[in-house]
Amino acid sequence: MRAPWDGAARVLDGKATAAALKAELAERVAALRQRGITPGLGTVLVGEDPGSVKYVAGKHADCAEVGIESIRVDLPATATQAEIEAAIDRLNADPACTGYIVQLPLPAGIDTNAILERVDPDKDADGLHPTNLGRLVLRGTGPITSPLPCTPRACIELVTRHGIDLAGKNVCVIGRGVTVGRSIGLLLMRKDVNATVDVCHTGTVDLAAHVRRADVVIAAAGSAGIITADMVAPGAVVLDVGVSRVVDPETGKGRIMGDVADGVDQVAAWLSPNPGGVGPMTRALLLANVVEIAERNATDS
């Protein structure tokens, strides 16, 4: 059953929802600190890519908001495989580091998979370590005691915190990357969510037909404007996750564009803006992973 539709989409406000979530996390961090436990988020940044530098700075600003300690490891772009692996080993062994992320992309010539697999799964703040994804595959019911993929979790949290029940809904995911497309289905199909999932991609034949059947559309292909208004069923919920850099034909300047084209807001019942939708929630859920790791460690000790 789709939401009532009056011809204009309501906004899935990621900024406001993330702010509320961070306020909740701040209370949990304060409770941990009262017990002598201070969660710490580490970042490994190799090089000075402007986008990566800005993104890492944002993560540490988020940490300051909720009381999580920041642990920064900044390496030059000339860092070798061995030097990056040594940094990973130090964070794995550092008791002050509750969880951490390796900022991607890494410089050319670095074996990214080897670096990511070296991360201690119990400190995998992104929730994308092969061990943790494997646990998610195997545990379709019951509590999950390992970090969860941040962006898929952000999508689900954003929808449910706006009062939208995903149980029994047909969800069409567009995109097959591990960050969203391949991993979000694992969460959506869990019995505590209970959605039916159709995973599509840029090679899907008659993509429009798949999208049109969906109650919920999660566009994460990284293909600018791939989801158009004529593809979306009236009253559907649409999350715009994909990000592409395109050149504005009028100004000649580069700009960021999502996967959802103009006009979808006149068809969908709910639409997440891009930016300002899933992005802020992803950053908040990274913090949530760190807090939850700290809480589990406190319970186990």
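The values are calculated or read from the model by the stated rules, or taken from the named source; none is laboratory data. As the structure is a prediction and not an experimental result, all values here were calculated from the model. Please note: Cβ atoms are built from the backbone with ideal geometry, for glycine as well, and neighbour counts cover all protein chains shown.
Observations on the model:
- Residue pairs meeting the criteria (Cβ under 6 Å; at least 6 apart or on separate chains; first under 18 Å from L41 (Cα atoms) and outside the structural domain of G185 (by the TED database), in segment 124-143; second among the aliphatic types (A, V, I, L, M) and not in a loop (DSSP other than H, G, I, E, B)): A125/I101; A125/L286; A125/V290; D126/I101
- From K54, K59, residue being in contact with a helix residue (DSSP H, G or I) (Cβ under 8 Å, 6 or more places away or on another chain) and within 30 Å of W270 (Cβ to Cβ): K59
- Residue in segment 146-160 that is over 21 Å from D94 (Cα atoms), free of Cβ contacts under 8 Å to residues at least 60 places away in the same chain and surrounded by fewer than 22 Cβ atoms within 10 Å (Cβ to Cβ) present: yes
- Which numbered condition G222 fails, given (1) of a type outside the set (D, E); (2) surrounded by 19 or more Cβ atoms within 10 Å (Cβ to Cβ); (3) closer than 22 Å to A167 by Cβ: (3)
- Selected residue (criterion: surrounded by the most Cβ atoms within 10 Å (Cβ to Cβ)) from residues of segment 257-282 that are over 21 Å from the mean Cα position of the chain (by Cα) and among the acidic types (D, E): D265
Rundown of residues vs (1) of a type in the set (V, I, T); (2) at pLDDT below 95; (3) in the same structural domain as D215 (by the TED database); (4) out of contact with any Asp or Glu (no Cβ under 7 Å at 6 or more places or on another chain), yes/no style:
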position	(1), (2), (3), (4)
I164	yes, no, yes, yes
A167	no, no, yes, yes
T179	yes, yes, yes, yes
A195	no, no, yes, yes
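- Helices (runs of 4 or more DSSP H) wholly inside segment 1-103 containing at least 1 residues that are surrounded by fewer than 18 Cβ atoms within 10 Å (Cβ to Cβ) and touching a strand residue (DSSP E or B) at 6+ places or on another chain (Cβ under 7 Å): 50-66, 81-93
- Just one of (1) on the phi > 0 side of the Ramachandran plot; (2) touching a residue at least 12 places away in the same chain (Cβ under 8 Å) fails for G252. It is (2).
- Qualifying residue in segment 282-301 (condition: among the β-branched types (V, I, T) and over 30 Å from A31 (Cβ atoms)): no
- Verdict on G254 being in the same structural domain as H162 (by the TED database), more than 11 Å from I174 (Cα to Cα) and within 17 Å of the chain's Cα centre (by Cα): no
- Answer from G40, G47, G7 - the residue that is within 14 Å of V291 (Cα to Cα), among the small types (G, A, S) and not assigned by the TED database to the domain that holds E157: G40
- Among the residues making up segment 242-288, those that are closer than 20 Å to K22 by Cβ and of a type in the set (A, V, I, L, M) are V278, M281, A284, L285, L286, L287, A288.
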